[in-house]
1. Output the number of the condition that residue 92 fails; it satisfies all remaining conditions of (1) on the phi < 0 side of the Ramachandran plot; (2) under 19 Å from the mean Cα position of the chain (by Cα); (3) not basic (Lys, Arg).
2. Kindly list, by first and then second residue, each pair from a residue in region 85-112 that is closer than 26 Å to residue 3 by Cα and of a type in the set (Ser, Thr, Tyr) to a residue that is assigned to a loop (DSSP other than H, G, I, E, B) and at pLDDT 95 or above, limited to pairs with Cβ atoms under 9 Å and residues at least 6 apart or on different chains.
3. For residue 77, only one of the following conditions fails: (1) of a type in the set (Val, Ile, Thr); (2) farther than 16 Å from residue 106 by Cα; (3) surrounded by 14 or more Cβ atoms within 10 Å (Cβ to Cβ). What is its number?
4. Determine, yes or no, whether residue 63 is more than 17 Å from residue 11 (Cβ to Cβ), touching a helix residue (DSSP H, G or I) at 6+ places or on another chain (Cβ under 7 Å) and of a type in the set (Gly, Ala, Ser).
5. Out of (1) more than 15 Å from residue 66 (Cα to Cα); (2) surrounded by 13 or more Cβ atoms within 10 Å (Cβ to Cβ); (3) modelled with pLDDT of 95 or more, what's the single condition that is false for residue 119?
6. Please go through region 43-63 and pick out each residue that is small (Gly, Ala, Ser) and either exposed (fewer than 14 other Cβ atoms within 10 Å of the Cβ) or under 15 Å from residue 100 (Cβ atoms) (or both).
Amino acid sequence: MTAIFERVGDLAPHIGKSIGTSDWVTVTQQDIDAFAALTGDSQWIHTDVERAKKEMPGGKTLAHGYLVLSLMPRMAIPLWRIEKKKHALNYGLNKLRFTAPVPSGSRIRLTVIPKSLEPIENNGTRLVMENIFELEGSKKPAIVAEVLLAYFD
């Protein structure tokens, strides 16, 4: 279910509280191989399935951390939206941690938590949103990312 807010300021009562958790998404070897081809990062831990069977703990290749991070829009967009805005911009990251490896075939889901709102120039608001990528079966999340978004009225 999508959490709909009229304006970015309407998130204020939700600071520190989850506003949604995505469905599970499976990270496949095909996804990993495509990301490796696109980025040029073909390190064997990502792409060599046979070697990983022999040499990696768990016997599987690992998804690139940035591959998992790049799934954020796909997973977050269905969770929430701001209805009234002129435009919004990705402003960057305050903090990004890859806290657990994501083996090929694993399932992940995303929880979003607004952390703060602050006014910025040009009638804007900076939203800091914590994004937690849960890894099914793991006590630790795969990624914790503090994302900054700029909204303009």
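The values are calculated or read from the model by the stated rules, or taken from the named source; none is laboratory data. Treat the numbers as computed from the prediction; the structure is a model and nothing was measured. Please note: Cβ atoms are built from the backbone with ideal geometry, for glycine as well, and neighbour counts cover all protein chains shown.
1. (1)
2. Sorted first by the residue in region 85-112, then by its partner, the pairs are 111/18; 111/19; 111/22; 111/79; 111/141.
3. Just one mismatch for residue 77, condition (3).
4. Details: more than 17 Å from residue 11 (Cβ to Cβ): yes; touching a helix residue (DSSP H, G or I) at 6+ places or on another chain (Cβ under 7 Å): yes; of a type in the set (Gly, Ala, Ser): yes.
Against the criterion (more than 17 Å from residue 11 (Cβ to Cβ), touching a helix residue (DSSP H, G or I) at 6+ places or on another chain (Cβ under 7 Å) and of a type in the set (Gly, Ala, Ser)), residue 63 qualifies.
5. (2)
6. First, the residues of region 43-63 that are small (Gly, Ala, Ser): 52, 58-59, 63.
Within region 43-63, 58, 59, 63 meet the criteria.
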